[in-house]
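Notes to accompany the following structure.
The values are calculated or read from the model by the stated rules, or taken from the named source; none is laboratory data. Keep in mind it's a predicted model, so treat the numbers as computed, not measured. Here the Cβ positions follow ideal geometry from the backbone for every residue, glycine too, while neighbour counts run over all protein chains shown.
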Amino acid sequence: MSRKFVFDFDSTLTRVEALDVLAEITLTNRPDREAVIREIQEITNLGIDGDISFTESLERRIRLLGAHRDDLKALIEELRQKISRSIEANKEFFTKYAPDIYVISAGFKEFIVPIVAEYNIPSERVFANTFEFDEQGRIVGFDAENALAKHNGKIECLRALNLEGEVQVIGDGYSDYVMREAGIAHKFFAYTENVHREKAARFADHITPNLDEFLFVNKLPRNLSYPKNRIKILLLENVHPVAFENLSEEGFTVEVVKSSLSEAELIEKVKGVHVLGIRSKTQVTQKVLDAANKLMVLGAFCIGTTQIDLKYAREKGVVVFNAPYSNTRSVVELAIGEIIMLMRSIFPRSTELHAGQWNKTAANSREIRGKNLGIVGYGNIGKQLSVLAEAMGMRVYYYDVDEQLALGNAIKCDSLEALMNVSDVVTLHVDDNPANRNFIGERELAQMRPGAYLINLSRGFVVDIPALVAVLKTGRLAGAAIDVYPEEPIGNGAFETELRGLENVILTPHIGGSTEEAQRDIAGFVPSKIMEYINSGSTVDAVNFPNIRLPKQKNAHRFLHIHANVPGIMAQINRVLASYNLNIIGQYLSTDPEVGYVITDVDKDYNKEVIKDLKNIENTIRFRVLY
């Protein structure tokens with residue numbers, strides 16, 4: 001059976017209500033502009049939801065507008081910039097199905113026809129109102145005899161067309177649904193990309209957040225192989241709201257949970273989820289990954305990834321991204337602040353004053369200028385700390401197990417013992433390698449200068465806490481600042497540590513990277529990597545996967561094939577492609593010892609059976625298609 005597609009215009013084909021935009025143009029110099037615009041918008045919504053007659057809605061809005069024929073040129077230019085994003089992305093559909101597409105709108109032909117003409121919809125298939133003008137060109141009314149100027153006029157208009165085949169209506173308002181209610185349309189799709197009108201959604205046969213969803217349901221040509229609204233994203237641990245905004249704006253369906261989840265809770269929650277976002281508390285184990293039947297991407301909104309079974313995630317074809325640089329500055333600034341606080345004995349003085357004791361003294365209070373700073377771990381954080389500390393007059397020494405180029409006047413130490421011997425302050429910035437457990441223990445603490453200070457902003461298991469407590473109690477170390485602990489609570493609440501109550505020991509609850517700026521940067525960086533992978537297949541900066549930077553597609557399909565890295569897979573892929581006479585536009589391969597990742601761009605027209613054959617290649621882990 002043939003199908004006919006009837007589109008609304010305002011808030012469907014465009015992101016806006018055209019008369020609202022016209023009001024912004026015509027009322028520019030009015031002192032009551034904002035109030036009048038709000039009133040027009042309220043009247044618009046009342047008419048769309050059927051709460052007042054559409055005739056009344058039009059009359060009241062036109063009176064308030066005070067518009068002129070010349071204003072329509074500016075309106076049309078504005079509307080050209082405000083086409084709905086998924087409509088604009090799917091011009092191919094409008095070209096291919098042009099004879100079956102109609103526009104029925106309570107808007108006005110004067111601005112609708114020029115806009116939809118660019119989408120191959122001729123004026124004879126546009127049904128809308130028309131303005132009436134006075135001799136000076138002012139808009140004074142509309143054709144009251146036009147069916148679309150009347151309440152539920154869309155019913156009369158569609159009935160008069162007497163369209164053959166299945167009639168589908170796509171619109172944002174209840175005034176579009178009435179055609180389905182009257183029985184002259186077979187289906188009503190509530191279009192919610194620009195505005196979600198509860199009344200329309202309640203009665204819809206299908207809620208479509210974008211045109212991709214509508215085309216997917218109808219198996220019609222589309223820009224995306226799989227609508228983004230069908231991709232479910234779960235963000236845990238109070239990830240910054242910017243992440244939600246970025247991913248939602250891209251069109252994904254995003255759920256936010258403020259806390260971390262236990263393994264059992266996550267096993268239930270992760271079913272059907274395509275993207276999981278976590279911070280440092282949530283443990284993504286083999287059991288979780290086995291339960292994650294649709295998981296494609298895992299985003300760690302932090303630096304560390306020890307909470308994730310990276311090897312098993314790779315075996316399951318789940319790509320993992322983290323944020324290795326986004327909170328560097330935050331950690332460095334805290335380190336600088338703690339160096340000053342410790343060397344000036346600020347924490348004991350503050351504690352005394354809080355207890356009501358005044359103790360003004362210069363004892364154990366020193367400047368940092370001229371002192372030796374020892375940095376253990378000369379990566380991104382260590383290097384930036386090195387530059388800032390030197391700018392403040394400190395002499396910088398560093399130790400790293402890997403060869404690192406010194407910045408400024410920093411001096412490399414050949415051993416940890418050499419660094420400990422020379423430093424007035426030692427600050428730790430090592431990674432989460434399990435080999436670093438108790439990296440700083442009784443022996444290393446004994447190598448530190450008497451009266452030195454220790455700062456740990458890296459990992460909790462790096463420092464042997466009982467050994468640190470012992471050396472602090474003897475007074476051999478003058479103080480410490482600890483931000484991370486061997487065991488940390490899942491959520492906020494009670495916490496115990498042997499370090500509590502020790503003088504000149506600054507304790508913070510793992511907030512080294514927790515600044516608004518850092519969390520905002522992370523919330524921008526990780527979603528960008530997630531979106532690049534979903535939208536293009538790019539794996540640049542993935543921590544557990546071969547890295548491939550891909551060019552954007554142009555008029556092609558993209559096959560993404562993840563497989564175990566065994567001999568002959570590439571040959572099998574190309575044999576399958578050749579058997580279907582596919583023209584390969586571009587092909588990209590990257591491997592690591594365990595996984596291979598092949599991306600193949602092919603011409604748009606191809607036999608869909610090739611997908612099944614590619615999926616059936618032995619040792620295939622995951623396969624998907626991008627349009």
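Take LEU289 and decide whether it is crowded, with 20+ Cβ neighbours inside 10 Å and either at pLDDT 95 or above or under 20 Å from the mean Cα position of the chain (by Cα) (or both). Yes.
Every residue, every condition in (1) at pLDDT 95 or above; (2) over 35 Å from the mean Cα position of the chain (by Cα); (3) among the acidic types (Asp, Glu), yes or no:
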{"residue": "THR351", "(1), (2), (3)": "no, yes, no"}
{"residue": "GLY382", "(1), (2), (3)": "yes, no, no"}
{"residue": "GLU390", "(1), (2), (3)": "yes, yes, yes"}
{"residue": "MET394", "(1), (2), (3)": "yes, yes, no"}
{"residue": "TYR399", "(1), (2), (3)": "yes, yes, no"}
{"residue": "ILE411", "(1), (2), (3)": "yes, yes, no"}
{"residue": "ALA418", "(1), (2), (3)": "yes, yes, no"}
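Counting only strands (runs of 3 or more DSSP E) that sit wholly inside region 48-153, those with at least 3 residues that are in contact with a helix residue (DSSP H, G or I) (Cβ under 7 Å, 6 or more places away or on another chain) are 101-108, 126-129, 139-142. Considering only residues in region 173-202 that are touching a Leu at 6+ places or on another chain (Cβ under 9 Å) and touching a residue at least 60 places away in the same chain (Cβ under 8 Å), the one that is surrounded by the most Cβ atoms within 10 Å (Cβ to Cβ) turns out to be TYR191. For region 154-169, taking the residues that are out of contact with any helix residue (DSSP H, G or I) (no Cβ under 7 Å at 6 or more places or on another chain) and not hydrophobic (A, V, I, L, M, F, W, C), the one that is nearest to THR12 (Cα to Cα) is identified as GLN168. Scanning region 228-240 for residues that are outside any helix (DSSP H, G or I) and not β-branched (Val, Ile, Thr), we see that the one that is farthest from GLU516 (Cα to Cα) is LYS232.
Out of VAL331, VAL320, VAL387, which single residue is β-branched (Val, Ile, Thr), in a helix (DSSP H, G or I) and in contact (Cβ under 8 Å) with a residue 60 or more places away in the chain?
Sole residue among the options that is β-branched (Val, Ile, Thr), in a helix (DSSP H, G or I) and in contact (Cβ under 8 Å) with a residue 60 or more places away in the chain: VAL331.
Restricted to region 3-39, and to residues there that are over 22 Å from ASP70 (Cα atoms), at pLDDT 90 or above and not basic (Lys, Arg), the residue that is surrounded by the fewest Cβ atoms within 10 Å (Cβ to Cβ) is PHE5.
Residues that are under 28 Å from ASN565 (Cα atoms) and outside any strand (DSSP E or B): does region 241-264 have at least one? Checked region 241-264: no residue is under 28 Å from ASN565 (Cα atoms) and outside any strand (DSSP E or B).
Is there a residue being more than 30 Å from ALA480 (Cβ to Cβ) and either assigned by TED's automatic domain parsing to the domain that holds GLY304 or assigned to a strand (DSSP E or B) (or both) anywhere in region 566-581? No: zero hits. Of all the listed residues (ILE278, ILE339, ILE346, ILE303), the sole one being outside the structural domain of ASP541 (by TED's automatic domain parsing), touching a Ser or Thr at 6+ places or on another chain (Cβ under 9 Å) and crowded, with 22+ Cβ neighbours inside 10 Å is ILE339.
Could you tell me whether region 464-475 includes any residue that is under 28 Å from LYS281 (Cα atoms), in the same structural domain as VAL425 (by TED's automatic domain parsing) and free of Cβ contacts under 8 Å to residues at least 24 places away in the same chain?
For region 464-475, residues under 28 Å from LYS281 (Cα atoms), in the same structural domain as VAL425 (by TED's automatic domain parsing) and free of Cβ contacts under 8 Å to residues at least 24 places away in the same chain: absent.
Being over 14 Å from LEU22 (Cβ atoms), of a type outside the set (D, E, K, R) and under 35 Å from the mean Cα position of the chain (by Cα) is the filter here, so list the residues in region 106-120 that pass it. Passing the criteria: VAL116, ALA117, TYR119, ASN120.
Looking across region 260-275, just one residue is of a type in the set (A, V, I, L, M) and either assigned by TED's automatic domain parsing to the domain that holds ASP432 or in contact with a Phe, Trp or Tyr (Cβ under 9 Å, 6 or more places away or on another chain) (or both), and that is VAL275.
Could you go through region 154-162 and let me know if any residue there is part of a loop (DSSP other than H, G, I, E, B), surrounded by 16 or more Cβ atoms within 10 Å (Cβ to Cβ) and aliphatic (A, V, I, L, M).
Within region 154-162, not a single residue is part of a loop (DSSP other than H, G, I, E, B), surrounded by 16 or more Cβ atoms within 10 Å (Cβ to Cβ) and aliphatic (A, V, I, L, M).
Screening the candidates GLU496, GLU503 for the property of being over 30 Å from SER262 (Cα atoms) and over 29 Å from the mean Cα position of the chain (by Cα) yields one hit, GLU503.
Could we say that GLU42 is among the acidic types (Asp, Glu), part of a helix (DSSP H, G or I), surrounded by fewer than 16 Cβ atoms within 10 Å (Cβ to Cβ) and under 39 Å from the mean Cα position of the chain (by Cα) here? Yes, satisfied.
Within region 265-275, if we keep just the residues that are assigned to a loop (DSSP other than H, G, I, E, B) and aliphatic (A, V, I, L, M), the residue that is surrounded by the most Cβ atoms within 10 Å (Cβ to Cβ) turns out to be VAL270. Taken together, LEU454, LEU353, LEU405 contain a single residue that is buried (at least 19 other Cβ atoms within 10 Å of the Cβ) and without any contact (Cβ under 8 Å) to a residue 60 or more places away in the chain, which is LEU454. Considering each residue of region 515-542, count those that are assigned to a loop (DSSP other than H, G, I, E, B) and surrounded by fewer than 18 Cβ atoms within 10 Å (Cβ to Cβ), and give that number. Total satisfying the criteria: 2.
In this structure, LEU560 does satisfy being within 22 Å of ASN293 (Cα to Cα), among the aliphatic types (A, V, I, L, M) and buried (at least 16 other Cβ atoms within 10 Å of the Cβ).
Among the residues of region 600-625, those identified as over 22 Å from TYR312 (Cα atoms), among the β-branched types (Val, Ile, Thr) and either out of contact with any Ser or Thr (no Cβ under 9 Å at 6 or more places or on another chain) or outside any strand (DSSP E or B) (or both) are THR600, VAL602, VAL610, ILE611.
The residues on offer are GLY153, GLY137, and the sole one that is assigned by TED's automatic domain parsing to the domain that holds PHE111, at pLDDT below 95 and at positive phi is GLY137.
What is the number of the single condition among (1) in contact (Cβ under 8 Å) with a residue 40 or more places away in the chain; (2) loosely packed, with under 15 Cβ neighbours inside 10 Å; (3) among the hydroxyl-bearing types (Ser, Thr, Tyr) that THR95 does not meet? Of (1) in contact (Cβ under 8 Å) with a residue 40 or more places away in the chain; (2) loosely packed, with under 15 Cβ neighbours inside 10 Å; (3) among the hydroxyl-bearing types (Ser, Thr, Tyr), only one is false for THR95: (1).
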